[in-house]
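What follows is one structure encoded as structure tokens, with my remarks underneath.
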């Protein structure tokens, strides 16, 4: 489950602080929830990938007995990079930014290695990759574009946007041919939002929460059967 309210700096200094944010079981509302182990996981904090830990809690209500994975909301489930960073990149990509452009990484606080004057920029980026690498950023673009294409029918059914807007979007030269469905999905989210003039970056974040929902809740039976909801979402690229 995604836990709101804890920022990346607090989580970096003290990951166990997230335990205080979940005192009641979200399934049965029981207050008998206890710590249930943890596992290591690198996460992105202020442009850097740092070692961290993800905690779990267990509901002691015998009727419920669910296990909860406590993931800070700023991290996209099944990914190690922040939702804001992935959303910002997808917006940049739709605007025509190439994956090898270091300006985006600099804006996100990623430390770029000093280039070797004896190597071409292309060879240097292959030899000394950044984190995220330009290959990963391209995989993000393809992965989320494909997922957005699968959601278009659902988003169309919720939105008042007429389907005639689709041909207009196809004529925009700056939108990559692989990202047309993603661009339309963002437009649909903007129209559906209660916030007037929702910025594209925030609309993209909302779309990502639909594409990659929070972890399901597991019964404490040793199985991986989702309790309450079934979200058959494949994991995306992570590194």
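The values are calculated or read from the model by the stated rules, or taken from the named source; none is laboratory data. All values reported here derive from a predicted model rather than from experimental measurement. A quick note on method: Cβ atoms are made from the backbone with ideal geometry, for glycine too, and the neighbour counts reach across all protein chains shown.
Residues of the range 175-192 that are at pLDDT below 75 and either touching a helix residue (DSSP H, G or I) at 6+ places or on another chain (Cβ under 8 Å) or not assigned by TED's automatic domain parsing to the domain that holds residue 152 (or both): 175, 176, 178. Working only within the range 3-20, note down all residues that are surrounded by 13 or more Cβ atoms within 10 Å (Cβ to Cβ), farther than 27 Å from residue 104 by Cα and in contact with a strand residue (DSSP E or B) (Cβ under 8 Å, 6 or more places away or on another chain). Passing the criteria: 3, 15, 18, 19.
In summary, residue 55 fulfils each of the numbered conditions (1) buried (at least 19 other Cβ atoms within 10 Å of the Cβ); (2) modelled with pLDDT of 90 or more; (3) closer than 30 Å to residue 103 by Cα with the single exception of condition (3). Just so you know, in the range 24-51 the residues that are buried (at least 18 other Cβ atoms within 10 Å of the Cβ) and under 14 Å from residue 74 (Cβ atoms) include one that is farthest from the chain's Cα centre (by Cα), and it is 45.
Scanning the range 113-149 for residues that are over 23 Å from the mean Cα position of the chain (by Cα), closer than 22 Å to residue 80 by Cα and either at pLDDT 85 or above or not in a loop (DSSP other than H, G, I, E, B) (or both) gives 125, 126.
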